[in-house]
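Reading through the structure tokens given below for one structure.
The values are calculated or read from the model by the stated rules, or taken from the named source; none is laboratory data. Remember, predicted model here, so these are calculated numbers, not experimental data. Don't worry about glycine lacking a Cβ; one is built from the backbone with ideal geometry, like all the others, and counts go over all protein chains shown. Protein only, heavy atoms only, side chains kept; ligands, DNA and RNA dropped before computing areas. Shrake-Rupley method; radii C 1.70, N 1.55, O 1.52, S 1.80 Å.
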Amino acid sequence: MTNVKLGYLILYVDHVPATLDAWKAAFGLEIHWLHDDNNYGELATGETTLSFAEKEFGRAHFTDQATRASFDQKPARFEIGLTVPDVQVAFDRAVACGMTPIVAPIQKPWGQTVGWVSDANGILVELGSAMEA
């Protein structure tokens with residue numbers, strides 16, 4: 001399937017407008033769209049859409065109890081990676097705007113500088129320098 005592209009990511013949160021505002025403040029991302037009922041919104045992130053939806057909105061799509069129950073848990077085993085021009089500046093801004101510092105920026109053996117923060121929903125965000133091709 002060579003025509004498959006990553007179109008969007010939806011992360012389920014408790015409060016969409018607050019999450020959008022926090023990510024706008026912390027990372028400088030503009031709010032692309034917020035639905036009138038405030039249960040779904042998108043950030044302007046380029047070609048792939050990063051969106052947030054309220055947990056109850058997501059839960060409503062499913063009838064099996066295991067999937068429905070998963071909306072009560074913190075996100076785990078994934079991260080959102082944002083490429084930034086200056087990792088330390090981006091990290092400091094995110095922390096100053098209320099993100100929780102997880103790992104301060106460090107340079108990896110492959111030459112990339114990375115640091116991690118977490119938002120109020122428990123979403124892990126990697127801030128990284130661009131990798132050379």
Farthest towards the positive end of the dipole of the chain, among 125, 110, 70 and with Cβ unit charges of +1 on Lys and Arg and -1 on Asp and Glu, lies the Cα of 110
Options [x] 32; [y] 41; [z] 46 are given for percent of Cα pairs over 21 Å apart, and the computed one is [z]
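With a cut-off of at most 14 other beta carbons within 10 Å, and DSSP calling the residue loop, which chymotrypsin sites (Phe, Trp or Tyr not before Pro) in segment 38-108 qualify? Please list them.
The qualifying sites are 62, 78.
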Restricting to Cα pairs under 8 Å and 6 or more apart, the percent relative contact order of the chain works out to 21 percent
With +1 at each Lys and Arg Cβ and -1 at each Asp and Glu Cβ, the charge dipole magnitude of segment 1-63 around its Cα centre, to the nearest 20 debye, comes out at 260 debye
Sites removed, the longest contiguous part of the chain containing no DSSP-loop trypsin sites (Lys or Arg not before Pro) with at most 13 other Cβ within 10 Å is 6-76
Residue-normalised 222 nm signal for the chain, counting each DSSP H run of n ≥ 4 as -39,500 (n - 2.57), nearest 500 deg cm²/dmol, is -6500 deg cm²/dmol
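Mind listing which GluC sites (Glu not before Pro) in segment 61-133 are in a DSSP loop and have 12 or fewer other Cβ atoms within 10 Å? Before the final figure, lay out each step's value.
Numbers: sites: 79, 126, 132; in loops: 79, 132.
Sites meeting the loop and neighbour criteria: 132.
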So, with points 7 Å from each Cα along the Cβ direction, the residue 61-residue 112 label distance in nm works out to 2.7 nm
With +1 on the Cβ of every Lys and Arg and -1 on the Cβ of every Asp and Glu, the dipole magnitude of segment 68-133 about its Cα centre, in debye rounded to the nearest 20, is 220 debye
In debye to the nearest 20, the charge dipole size for segment 27-100, taken about the Cα centre with +1 at each Lys and Arg Cβ and -1 at each Asp and Glu Cβ, equals 320 debye
Counting only DSSP beta bridges fully inside the chain, the antiparallel percentage to nearest 5 is 65 percent
Projecting the Cα atoms of 3, 33, 48 onto the charge dipole of segment 1-70, where Lys and Arg contribute +1 and Asp and Glu -1 at Cβ, the residue farthest towards the positive end is 3
Non-local residues with an amide H under 5 Å from the amide H of residue 12, with H modelled 1.01 Å from N and Pro and chain starts lacking one, are 53
From highest to lowest solvent-accessible area (probe 1.4 Å; ligands, DNA and RNA excluded), 129, 70, 51 read 70, 129, 51
